[in-house]
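Asks: Got a structure here, written out as structure tokens. Questions coming.
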Amino acid sequence: MTEPAPRETVGEPLVVRTPEELRRALAGTGRVALVPTMGALHGGHRSLMRLARSRAETVVVSIFVNPLQFGPNEDLDRYPRDLPGDTLLCAEEGVDVVFAPETGTVYPLPQMVTVDAGSMGERLEGASRPGHFTGVLTVVAKLFNLVRPDLAVFGAKDAQQIALVRRMVADLDLPVEIVGAPTLRDPDGLASSSRNVYLSARERTSALALSRALRAGAEAAPGGAEAVRGAALAVLAEAAEAVPPVRLDYLALVDPATFAEAGADHRGEAVLAVAARVGATRLIDNVSVTL
Ligand code: AMP
């Protein structure tokens, strides 16, 4: 998949900053679709907005860099922010409302009560980033309560995130439909990400090993779980020797419902997920495979 071309601007979205403004903007609208984002929008976000547009009368994009989901040594302060550029992209996609609250608006008090992501939230991304999914689920629950959408669109790029959001909605009986969108890739295969702007040209070349490894793994699926892991790890072992190197955080083949490791005899759907650092940038990617 390559980046969707911008559409012609079809009118400025209403940019709102507070729950009160949001409530006024959404009064009397029909079906509402929410696309939660952290901004620095790109083609992957565009594809989510288009899916939202096809399913609802009113599309709300939230733009909020959520401090609760960043660890103390992560990139919260340098995370890219560009509200004017993001608003333009939303206008091109016919978004109706951009909800861009200040941190103090979302968290007027120190957050005491949070959503615990359970054992699924402690694996893979949760193991590398303790507390990350508590932060994600807490802000998603808050956004659901603020926007009250009929449906919300999430990307498969963050496979563990969408699995946990689905599970939260089921476990807590939240009245919102969760819609998944496939991962959008740049023409060279790298999964589109706001963090890709951190990569130098040489780092980006090294980073292509992530999607290459996943493709190699997927192609080995007829051989079973061990063959998938082996094929992907072979690509990543080579990439560890590249300049600059790809420093593997994890490669895992997991059950999509629990994110627990798929056993050697696993059959059916599985997710092959990878996380690695290239230079100072941490990248994640995944593919679905059928064993
Ligand atoms: P973020 O702004 O990175 O928090 O992402 C906001 C939403 O966009 C999440 O649901 C992501 O899974 C989704 N997303 C990010 N990158 C992509 C991509 N390359 N393809 C599809 N969805 C994506």
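The values are calculated or read from the model by the stated rules, or taken from the named source; none is laboratory data. As the structure is a computational prediction, the values presented were derived from the model and not from experiment. Reconstructed Cβ throughout: ideal geometry from the backbone, glycine too, with neighbour counts over all protein chains shown. Heavy atoms of the whole protein, side chains included, go into the accessibility calculation; ligands, DNA and RNA do not. Shrake-Rupley method; radii C 1.70, N 1.55, O 1.52, S 1.80 Å.
Asks: Cβ-Cβ distance below 9 Å, separation of 6 or more or different chains: which pairs start in the range 250-266 with a residue that is without any contact (Cβ under 8 Å) to a residue 40 or more places away in the chain and open to solvent by less than 30 Å² (accessible area, probe 1.4 Å) and end on one that is of a type outside the set (D, E) and part of a loop (DSSP other than H, G, I, E, B)?
Replies: L253/A262; L253/H266; L253/L291; A262/L291
Asks: Okay, next question. Do we find a residue being more than 21 Å from the chain's Cα centre (by Cα), over 28 Å from G71 (Cα atoms), surrounded by fewer than 16 Cβ atoms within 10 Å (Cβ to Cβ) and not β-branched (V, I, T) anywhere in the range 268-284?
Replies: yes
Asks: Pick from the range 81-116 the residues that are charged (D, E, K, R) and within 16 Å of V147 (Cα to Cα): which of them is surrounded by the fewest Cβ atoms within 10 Å (Cβ to Cβ)?
Replies: E102
Asks: Here's another thing I want to ask about it. What residue, of L251, L199, L184, L208, is closer than 29 Å to A152 by Cα, out of contact with any Cys (no Cβ under 8 Å at 6 or more places or on another chain) and within 16 Å of the ligand (Cβ to nearest atom)?
Replies: Only one candidate qualifies: L184.
Asks: Quick one: L214 ticks every box in (1) under 25 Å from P67 (Cβ atoms); (2) open to solvent by less than 10 Å² (accessible area, probe 1.4 Å); (3) more than 17 Å from the chain's Cα centre (by Cα) except a single one, so which number is it?
Replies: (1)
Asks: Would you mind stating whether A201 is open to solvent by less than 20 Å² (accessible area, probe 1.4 Å), under 29 Å from T37 (Cβ atoms) and of a type in the set (A, V, I, L, M)?
Replies: no
Asks: Another question about this same structure. How many residues are over 16 Å from S193 (Cβ atoms) and polar (S, T, N, Q) when one looks only at the range 67-90?
Replies: Adding up the residues that qualify gives 2.
Asks: Related question: Criterion first (open to solvent by less than 20 Å² (accessible area, probe 1.4 Å), assigned to a helix (DSSP H, G or I), in contact (Cβ under 8 Å) with a residue 24 or more places away in the chain and away from the ligand (no atom under 15 Å from the Cβ)) does G135 satisfy it?
Replies: Considered against the rule, which asks whether it is open to solvent by less than 20 Å² (accessible area, probe 1.4 Å), assigned to a helix (DSSP H, G or I), in contact (Cβ under 8 Å) with a residue 24 or more places away in the chain and away from the ligand (no atom under 15 Å from the Cβ), G135 comes out as no.
Asks: Of all residues in the range 141-160 being open to solvent by less than 40 Å² (accessible area, probe 1.4 Å) and touching an Asp or Glu at 6+ places or on another chain (Cβ under 8 Å), which is nearest to the ligand (Cβ to nearest atom)?
Replies: Among those that are open to solvent by less than 40 Å² (accessible area, probe 1.4 Å) and touching an Asp or Glu at 6+ places or on another chain (Cβ under 8 Å), it is K157.
Asks: Any idea which residue in the range 25-39 is farthest from the ligand (Cβ to nearest atom), counting only those that are buried (at least 21 other Cβ atoms within 10 Å of the Cβ) and β-branched (V, I, T)?
Replies: So, considering only residues that are buried (at least 21 other Cβ atoms within 10 Å of the Cβ) and β-branched (V, I, T), the one farthest from the ligand (Cβ to nearest atom) is V32.
Asks: If only one of S54, S62, S47 is surrounded by fewer than 17 Cβ atoms within 10 Å (Cβ to Cβ) and either within 10 Å of the ligand (Cβ to nearest atom) or assigned to a helix (DSSP H, G or I) (or both), which one is it?
Replies: Going through S54, S62, S47 in turn, the sole match is S54.
Asks: Then there is this: How many residues are of a type in the set (G, A, S), closer than 23 Å to E20 by Cβ and outside any helix (DSSP H, G or I) if we restrict to the range 85-126?
Replies: 1
Asks: Right, here's the next one. For the range 90-147, how many residues are closer than 22 Å to E12 by Cα and of a type in the set (D, E, K, R)?
Replies: Going through the range 90-147 one residue at a time, the tally reaches 4.
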